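Step one of this worksheet: look at the structure below.
The values are calculated or read from the model by the stated rules, or taken from the named source; none is laboratory data. From a predicted model like this one, the values you see are computed outputs, not experimental measurements. Neighbour counts run over all protein chains shown; Cβ positions are idealised from the backbone, glycine included. Remember, those area values only see protein heavy atoms, side chains included, never the ligands or the DNA or RNA. Shrake-Rupley method; radii C 1.70, N 1.55, O 1.52, S 1.80 Å.
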Amino acid sequence: MMKMKPLARITITAGAVAALCIGVASPAMAADPIDDPTTLETIELATPGPANADVLAVQESKATEEYVADIPERDTLVTVPMDASAGVALDQGGAIVTIGLPNASDAAPGVADEEGLVHFDNTDGSITVPLVREDGVVQITTLIEGTSAPTRYEYPIAVADGGELIDAGDGFFAVLDAAGQPAAMIDPAWAKDANGRNVPTWYEQQGDTLVQVVEHDSGYTYPIVADPAVRGNLITKVTYPSSPYGIVVSVTPRSGWAITPFSNWWAEYKLWVASHYEGNKFYNQLRCHVDVAPFKSPWNLDAWRPDVSYSNVLAAACNP
């Protein structure tokens, strides 16, 4: 499959956006309920982070009524269905995690503009727009249009036999595979109104369903943007070889190209190791590899090394 071109981001002009929103003859591409020049800008302006990866267009599948985004650099394939009840599938090297969409049983069929943004009218005062980013993150973005919209949005997670959804701490949730290893991570909840104000929000867990609660009311300016951002795992393996000095925690990253906040690495790392391989000295060594030596794989964290400052870890080039 050809690599998809990124969509224009916040700098897009009104004329260019109008061109993006021209529909085609397919019923799935008919009148888009949120086709206006501010939709992508609204989402991008609200999304936390100083430099979000570009949004990728999803390409229409010739075999099925769905859209796909192939990101070979991340070993990731994302499928966005036209039927909301099918959920968004994140396939990372054959390990598939499916994230259900809010109010899927009542949502209208998905519609898409010609550049591949698929939208679902949830028929409850909210619209869901899954965005696939070039770093492999899937933002399942919901635009809350007014006070009549729900304050609770349910995202059922389909996990492999023996897998489960867990609270990973610090606001993160994780989808574990049958072996108990992270298959996908979900970033902490956030929500912002049209003026950039934070709207109170948090996750609740009901079995394998993640619920985002958004406490919106007339005191905020609509639309409000909220989403669970889902990413495949960053780490593929952790082993514990011995060295002449002691135990080494050997971490194999999926890709040294994974430019993502260190908090994402740390949240996932803690799910791979026992608690005695956490702590400041492991935090600093892992951070050093992420910051300055991402392409040196595996990343060896020396359990025997004393706990020193991050600057001293850097001086040792993460480890000698």
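Judged by the ratio a/c of the largest to the smallest principal axis of the C-alpha gyration tensor, segment 179-240 counts as prolate, that ratio being 1.5 or greater while a/b is larger than b/c.
For segment 214-320, the ratio of Cα radius of gyration to the globular rule of thumb 2.2 N^0.38 Å stands at 1.35. Taking a ≥ b ≥ c as the square roots of the eigenvalues of the Cα gyration tensor, segment 79-167 is oblate, since a/c reaches 1.5 or more and a/b is not larger than b/c. Spread over its residues, the convex hull of the C-alpha atoms of segment 131-245 is 138 Å³ per residue.
For segment 98-223, what is the accessible area per residue in Å² when the probe is 1.4 Å? Result: 37 Å² of accessible area for each residue. When a 1.4 Å probe is rolled over the protein heavy atoms, the share of accessible surface on segment 205-300 that falls to carbon and sulfur comes to 53 percent. Length available on full extension from Tyr245 to Tyr310: 0.36 nm per residue minus the Cα-Cα distance, which gives 21.3 nm.
Listed peptides 134-141, 40-47 appear in the order 134-141, 40-47 once ranked by packing, highest mean of other Cβ atoms within 10 Å at the front.
Across the accessible surface of segment 58-203, with the other protein chains kept in place and a 1.4 Å probe, carbon and sulfur atoms take up 47 percent.
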